[in-house]
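What follows is a set of notes on a single structure, which appears directly below.
The values are calculated or read from the model by the stated rules, or taken from the named source; none is laboratory data. This structure is a prediction, so every number in the text was calculated from the model and none was measured. Here Cβ is always computed from backbone atoms with ideal geometry, including for glycine, and neighbour counts include all displayed protein chains.
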Amino acid sequence: MAAAAASSNKAKIARRVIEVLDYFDDDHREATVMDIVRRYNRPQSSTSELLSSLVELGLLYKDPISRSYSLTPRAALIGSTGQSEIVQRGRLVRLLDRLVAQTGLSVALFGRVCLNSQIISWRAGARASASARNLFGGLQAPLSETAAGWLLLSTVPQPRRDGIIRRLNAEAPDDRKFSPAEMAARLLACYDQGHVEGPVGYGSKAQVLAMLLPGQPADHPLAVGFVYGVEDKVNVPGLLECLREATDQLLGELSVDSTSVQRLPTAA
C-alpha cells in the first residue's frame, strides 16, 4: 500500500513539473508562484517548493527582485537532440511563428497521446479570439471531441481505427456519445482531404482549421492549425493555402542536405 502511494506521489510530481514548463510561452515569459497556482489549481506551498527545485536543477531562473521565474536554455534543449530534424533544428517553431505572423490568428500544434488529442504547442495571435482565451499547451481531450483529433485518428490504419472509434464511444459520457458509423465516415473524409475544419474542443467554443504535417511517423502524426472564433470572418481557402505553402517550405528546407558543410582544414 505504501509503495503504491509513493508511486502515485511521484506521478503527481512529474505531472506538475510538466505543467510548470508548459506554462511558459510567448505571452508568458515569466511566472510567479501564484500564476502557476491559479492556472492549475495547485497548493501554494508545494508549488513554491517545486519551483525552487527546478531552479536548483537549472531549468528555471528566479529573479531575486520580482521573485518571478523564467525558463533557462537547458529547459528548451533537454531532449531536443533526440528529436526529428524539424524539431531539433527549430524548423517547426519557425513554421508556427510564421503562420502567426502572416495571419495574426492563434496557431496550435496537435499530437496524439493514447486516445487523446493534445495541444503540443500554442501560439496566441494578435487577433486571438476571446473563445480561445483558455487554451494553452498541454491540454488534452478525447480524439472524438476535437476536429484535430479526427484528423490525427484518420491516420490510424484499419481495422485498428474502427476499434478505437468503438472504444472512444463506449468510454464517452452519455451526453457525448456519437454514431460510430458517422465518425468513421468523417475520418475517411479527413484522411482523403488531409485537413479538417471544425470545433477545436478542449472546453473552448472556438473553431480550428487544421492540416496534417507531412513526413511524420505513422504512429506519431502531427497536425498544425489556425484557431479562431465562430464569429470571426476568416477566409478558409486562403488560410488552407497559407498552411500548405508554409509546410511546403518546411519540407523544402528538409530536402537540403544538412550534412553538406564546408570543412575548414585549418580549423583544427
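Here are the numbers for the structure shown:
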item	result
Residue among LEU188, LEU92, LEU115 that is crowded, with 18+ Cβ neighbours inside 10 Å and either over 16 Å from GLN216 (Cβ atoms) or hydrophobic (A, V, I, L, M, F, W, C) (or both)	LEU92
Of the criteria (1) over 19 Å from PHE136 (Cα atoms); (2) among the polar types (S, T, N, Q); (3) surrounded by 15 or more Cβ atoms within 10 Å (Cβ to Cβ), which one SER80 fails	(3)
Residue match in the range 171-188 (condition: modelled with pLDDT of 95 or more and within 21 Å of the chain's Cα centre (by Cα))	yes
Where SER70 falls short, out of the listed (1) outside any helix (DSSP H, G or I); (2) assigned by TED's automatic domain parsing to the domain that holds VAL196	(2)
From the options LEU60, LEU92, LEU99, residue that is on the phi < 0 side of the Ramachandran plot and not assigned by TED's automatic domain parsing to the domain that holds ASN134	LEU60
Answer from GLU197, GLU241 - the residue that is within 19 Å of the chain's Cα centre (by Cα), acidic (Asp, Glu), at pLDDT 95 or above and not in a loop (DSSP other than H, G, I, E, B)	GLU197
Lone qualifier among VAL55, VAL17 - being out of contact with any helix residue (DSSP H, G or I) (no Cβ under 8 Å at 6 or more places or on another chain) and surrounded by 12 or more Cβ atoms within 10 Å (Cβ to Cβ)	VAL55
